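Everything below concerns the one structure shown next.
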Amino acid sequence: METDELIINMGPVHPSTHGVLRFKLRMDGEIIKECTPVLGYLHRGTEKLGEMKTYLQFIPYTDRLDYISAMPNNYAFVKAVEELAGIEVPLRAEYIRVITMELNRVVNHLVSIGSLLMDLGAATMIMWGFRERENALQLYEMLCGARMTFNYIKPGGVREDIPEGFIPKLNEFIKDMEKRIEDYEQLINTNEIFMMRMKNIGVISAEDAINYGMTGPTLRGSGVNYDLRKVEPYSIYRDIDFKVCVRRECDSYARYMVRIDEMKECLYILRQVVDTMPEAKIVSNPKYGIAPMTGAPSAVMPYFPRIFTPPAGEVYSRIEAPKGELGFYVVSDGTTKPYRVKIRSPSFCNLTAIPGMVVGLKIPDLIAAFGTIDVVLGDVDR
Amino acid sequence: MIANAYELIVYILTLFRVYEPLLNVFQALGAEYVLRIIIVLVEIAVLFVFVLLTVMFLTWMERKVVAMVQSRYGPMVTGPRGLLQPVMDGVKLIGKEDIIPAKADRWIFTLAPFIVFIPALLVFIPLPFGESLIISDLRVGLLYIIAISAISPIAILLAGWASNNKYSLMGAMRAVAQDISYTIPLALAAIAVVLLTGSLSMVDIVNAQGGAWFGVIPQWFIFIQPLGFILFLIASIAEMGRIPFDFQESESELVAGFFTEYSGMKFAMFFLAEYAHLFAVSGIVVTLFLGGWTGPVLPFIPVQITSLVYFLIKTYAVIFFAMWLRDTVPRVRIDQLLNLGWKIMVPLALLNLLVTGFLVTAGVMV
Amino acid sequence: MAWISKNWAMSGIIAGLIVTLKHVLHIGNRPTVTVQYPYERMKVSPRFRGLHAVDENACIGCGICEINCPNSTIQIVKYNTKWYPQVNIGMCLFCGLCVDVCPMNAMKMTGNYELADYTRESLVYGPDRLLFNKEVKQ
Amino acid sequence: MNPAEELKQKLPSAVVSIGIQVNKPMAVIKKEELLNAAQKVKEMGFDHLSVITGIDYMDHFEVVYNFFSYAKKQNLALKVITDHEDPEVDSLTSLWKGADWLERETYDLVGIKFIGHPNLVRILLPDGWIGHPLRKDYDMDTEQFVTIGEGGEDIVSTDGSNLLRRK
């Protein structure tokens, strides 16, 4: 019997490609022979924009990279700039930054697990995830006035101090989340169908994962004990007690479990940070700002640099974003605008591994593996 | 003793003293058969209206159950608690443009929704909704039901092929593979019930479950055939094509499976057929294993009404289970599904059949 | 047999069914959380970054917000003999940089988030729609 | 001894100079010796290629490779300087599979050719895009329009008059 290979275009509009990614699949029946991701449908030229905008104007654009977890993006860029200019940050600002970033990690993993489960056919989890995410977003709204695109972290500090009532609400959120994660685990972790779908699917060995440049939970799911928060502690992570969640199974289930464990670890970190937060209400470095002309400190951050010129030089600085290693390569020529901004986005580099992971599997496996890679197309295409 | 819905209508008409005059009129015209045809049409119309209303209610109920699981309200705006939402959906779908893809096979593409929809209604003919509430108590009722529901994969294949879309075709192929591999354990599990009753008639099957042990525990076949019940339930969920076995659609993999290209009223027909199927299969599960319409007889209320209520309560319980399961579990993979069907369910069903047959022959179970 | 009990005992699925049933029956703190949007609204926080508002008395029309806006959303236009910012909401990122840089604290952001409109032109909010403190002047 | 010095000791011919790039050691490598140096770097334990950055300096291009070693927890940056006319460097895809897309991206946006890359085509922009956007001399004023051809390929043109456009 004469058979023919089937070419399937999965995407750019497909329910489970998380946006506008397109997979060109060469199929033999249900089996994938070759998978070619086609990117660029969401390319907005962020790096070029970085050359056209001042340092401060570029921060809102970093929000739009990985819009599920925007706070680490803000921080990664600001950290690069701070390293370049040698700015010191008040301790309280660092604590606030860590709170926001860890909160964002929880949010990111909720969305990630939820959309993974929805792709597998269980629509409940994403609604539960969004239910808890809503509480976190309300916290963000309280903190900086925006729910997803924050523009909150600034060179030398943060935009505003935490408002009254934020910490009790955060504590409530942490308490609530701990119970909810138990629900998730009961719903998903031991579900036989889920295990059938996830175990031994999308296997990538530690060597391969490193070679592909995968980072974040996807790498830790392959058994590499690597977390930039531990390896190159930035901000106040040096003083925080937490453990790196590693799984050795290398498959999709391991990556999922890493995310669940990381959520719990995040809540642990949040508890610590809230308990040990310094009282002094200084959240920005007064050396790098001008007080407003009206004299009285305004409601918004008083010492916020209006014109900001780091010295000429170049820096590569990376942080552990929820999806992996997020790096900004910033070249400054001593003017108000960066000469070159290069974004090393975790989604882009993690996605590199997909074609190798899925050959010989079926379409449902591609979806399971792709879901555990956890990409956001804004981050891939930039 | 009123055997079926025709006789029930005749009985009601007689009760109101209109049947005799009507019969006389038609007999005078020498066209008695016209009256019969009219009565049959009336009962079919009543059935179809009932089924369609149930289907609309089920779409509402599905959304409500999903919403409750997911901490939401579900539809709330149209009508009380959003009860009129299905009507609005219907109006919306009728108003949609009816798109036929340029390279689709027009005739088959148009025909397929009807071929899906009609068997979904025909299944109800030998299904007893209550004491004497049955269109026709076919002596091969169970066989008829299994045979009729085997038509739908053909229609799905037609729809998938005619759409000229790769996703549709893959969805259709999956649907056919799944239907074939699950009709066998379904039928085998049902045959075990037939062995117990010695009849394919649905009414006989219900009547066989009418008694009670020690006057308390109803003699439902679920207690005699627990394995058969589980197999039948799983196989029928697979037949219905619902999560965890919704391969024909498998939204996140194949966009919408075989009805990717359908829109408007044609899409609505697939949609209605799906829920009609859900209702029918739940009714069959109830009839075969949960005692059908049997239940305690209440005084002063006609047994037709109480039995219908019992039947509907049990059926909605099964439907709720299907919806509840749908909100809990992910979808299995197609090859895992076929493995489950052929390597586990078919042998278990055969084993169940063997043991049942042995016990029936030995006279332990009657 | 061990394989069957491991894979087909369905204990995980039953555990999941229990969790979802708890939600259906609202057992344990599991309320319905939906906010029925057009009929009920959530309260936005005081810091919410919505539509801009300009203090008519404080604004000096210096144009610093115009310079600092990343998307060139703001233009300084003449209105009632003075110069005021005009904001094109259709391009606005709602980043709040204009609020941060205003030397007179004249620029504010309100909690108004229902900004959808039928035409692009009506998304341009001129000083007549942005200014507050109008009554003080008269 | 930091890794850049170690590299200079091992491959004195390849390393032009060494320096510090904000607390990360950096070595400037001769263009011809890049593959050699990368091989050596990998042997030294730098198994994680974090990012490849191409920078247009108007008169020359720089390609910066940032490495990290999981075992030693050290950073190292390699920098290659190419001329502006015909920027070409060796591809590292044979050593790091992750370099594949990073190099394609650099080619796409900066226009640096990687010799030996198996599939050096544009990755983010459509095929046939005119110019490389992250070059400083990229023409920002020319509008380019992408349509999809019969075979599904991208067609880039500068004439948008026949397209349906919003006002």
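The values are calculated or read from the model by the stated rules, or taken from the named source; none is laboratory data. Everything numeric in this text was worked out from a predicted model, so none of it was measured. Please note: Cβ atoms are built from the backbone with ideal geometry, for glycine as well, and neighbour counts cover all protein chains shown.
Restricting attention to segment A:344-374, and to residues there that are assigned to a loop (DSSP other than H, G, I, E, B) and closer than 16 Å to A:Thr36 by Cα, which single residue is nearest to the other protein chains (Cβ to nearest Cβ)?
Selected residue: A:Thr352.
Mind listing whichever residues of segment B:325-347 are facing chain A (nearest Cβ under 7 Å), over 17 Å from A:Ile363 (Cβ atoms) and of a type in the set (A, V, I, L, M, F, W, C)?
B:Val329
Can you name the number of the only condition in (1) part of a loop (DSSP other than H, G, I, E, B); (2) without any contact (Cβ under 8 Å) to a residue 12 or more places away in the chain; (3) of a type in the set (Lys, Arg); (4) away from chain A (no Cβ under 14 Å) that B:Lys103 fails?
If we test B:Lys103 against (1) part of a loop (DSSP other than H, G, I, E, B); (2) without any contact (Cβ under 8 Å) to a residue 12 or more places away in the chain; (3) of a type in the set (Lys, Arg); (4) away from chain A (no Cβ under 14 Å), just (2) comes out false.
Which condition number does A:Ala123 fail, the rest of (1) surrounded by fewer than 24 Cβ atoms within 10 Å (Cβ to Cβ); (2) touching a residue at least 12 places away in the same chain (Cβ under 8 Å); (3) among the aliphatic types (A, V, I, L, M) being met?
(2)
Restricting to segment A:153-173, name every residue that is part of a helix (DSSP H, G or I), under 22 Å from the mean Cα position of the chain (by Cα) and under 30 Å from A:Ala80 (Cα atoms).
If the condition is that a residue be part of a helix (DSSP H, G or I), under 22 Å from the mean Cα position of the chain (by Cα) and under 30 Å from A:Ala80 (Cα atoms), then A:Leu170 is the only one that fits.
With (1) closer than 30 Å to C:Pro103 by Cβ; (2) facing another protein chain (nearest Cβ under 7 Å); (3) of a type in the set (S, T, N, Q) as the list, and A:Thr335 as the residue in question, which single condition is left unmet?
(2)
So which residues in segment A:98-156 are among the aromatic types (Phe, Trp, Tyr) and within 14 Å of chain B (Cβ to nearest Cβ)?
Within segment A:98-156, A:Trp128, A:Phe130 meet the criteria.
Only one residue in A:Asp161, A:Asp176 is more than 14 Å from chain D (Cβ to nearest Cβ), surrounded by fewer than 22 Cβ atoms within 10 Å (Cβ to Cβ) and at pLDDT below 85, so which one is that?
A:Asp161
Evaluate the following for A:Arg92: is it touching a residue at least 40 places away in the same chain (Cβ under 8 Å) and assigned to a helix (DSSP H, G or I)?
When the stated conditions are applied, A:Arg92 passes them.
Here are A:Ala85, A:Ala93: which of them is within 11 Å of another protein chain (Cβ to nearest Cβ) and modelled with pLDDT under 85?
A:Ala85
How about segment C:1-102: which helices (runs of 4 or more DSSP H) wholly inside it have at least 2 residues that are over 30 Å from A:Gly145 (Cβ atoms) and within 12 Å of chain A (Cβ to nearest Cβ)?
Fully inside segment C:1-102 and qualifying: C:2-8, C:11-24.
Considering only segment D:151-165, state which residues are within 14 Å of another protein chain (Cβ to nearest Cβ) and either out of contact with any Pro (no Cβ under 9 Å at 6 or more places or on another chain) or not in a strand (DSSP E or B) (or both).
D:Gly151, D:Gly152, D:Glu153, D:Arg165
Each row is one residue, and each column tells you yes or no for (1) crowded, with 23+ Cβ neighbours inside 10 Å; (2) touching a Leu at 6+ places or on another chain (Cβ under 9 Å); (3) not in a helix (DSSP H, G or I).
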| site | (1), (2), (3) |
| --- | --- |
| B:Ala190 | yes, yes, no |
| B:Leu200 | no, yes, yes |
| B:Ile205 | yes, yes, no |
| B:Gly210 | no, no, yes |
| B:Phe223 | no, no, no |
| B:Phe229 | no, yes, no |
| B:Leu233 | no, no, no |
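Among the numbered criteria (1) surrounded by fewer than 23 Cβ atoms within 10 Å (Cβ to Cβ); (2) assigned to a loop (DSSP other than H, G, I, E, B), which single criterion is violated by A:Glu265?
(2)
Residues of segment D:45-104 being among the hydroxyl-bearing types (Ser, Thr, Tyr), closer than 23 Å to D:Tyr138 by Cβ and surrounded by 23 or more Cβ atoms within 10 Å (Cβ to Cβ), which ones?
D:Thr53, the sole residue that qualifies.
Every residue in segment A:184-218 that is within 14 Å of chain D (Cβ to nearest Cβ), within 26 Å of A:Cys266 (Cβ to Cβ) and of a type in the set (S, T, N, Q), please.
Residues satisfying the conditions are A:Thr215, A:Thr218.
Considering each of A:Gly50, A:Gly129, A:Gly40 in turn, give the residue that is small (Gly, Ala, Ser), over 18 Å from the mean Cα position of the chain (by Cα) and part of a helix (DSSP H, G or I).
The conditions single out A:Gly50.
Here's the yes/no breakdown for (1) within 17 Å of A:Thr46 (Cα to Cα); (2) more than 12 Å from the chain's Cα centre (by Cα); (3) within 12 Å of another protein chain (Cβ to nearest Cβ); (4) assigned to a loop (DSSP other than H, G, I, E, B):
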{"site": "D:Leu102", "(1), (2), (3), (4)": "yes, no, yes, no"}
{"site": "D:Tyr107", "(1), (2), (3), (4)": "yes, no, no, no"}
{"site": "D:Asn119", "(1), (2), (3), (4)": "no, yes, yes, yes"}
{"site": "D:Leu124", "(1), (2), (3), (4)": "yes, yes, yes, yes"}
{"site": "D:Asp127", "(1), (2), (3), (4)": "no, yes, yes, yes"}
{"site": "D:Ile130", "(1), (2), (3), (4)": "no, yes, no, yes"}
{"site": "D:Pro133", "(1), (2), (3), (4)": "yes, yes, yes, yes"}
{"site": "D:Lys136", "(1), (2), (3), (4)": "yes, yes, yes, yes"}
{"site": "D:Met140", "(1), (2), (3), (4)": "yes, yes, yes, yes"}
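Condition test on C:Asn112, is it of a type outside the set (A, V, I, L, M), in contact with a Gly (Cβ under 8 Å, 6 or more places away or on another chain) and more than 11 Å from chain A (Cβ to nearest Cβ)?
yes
Confirm whether B:Phe26 is in a helix (DSSP H, G or I), more than 30 Å from A:Gly129 (Cα to Cα) and without any contact (Cβ under 8 Å) to a residue 24 or more places away in the chain.
yes
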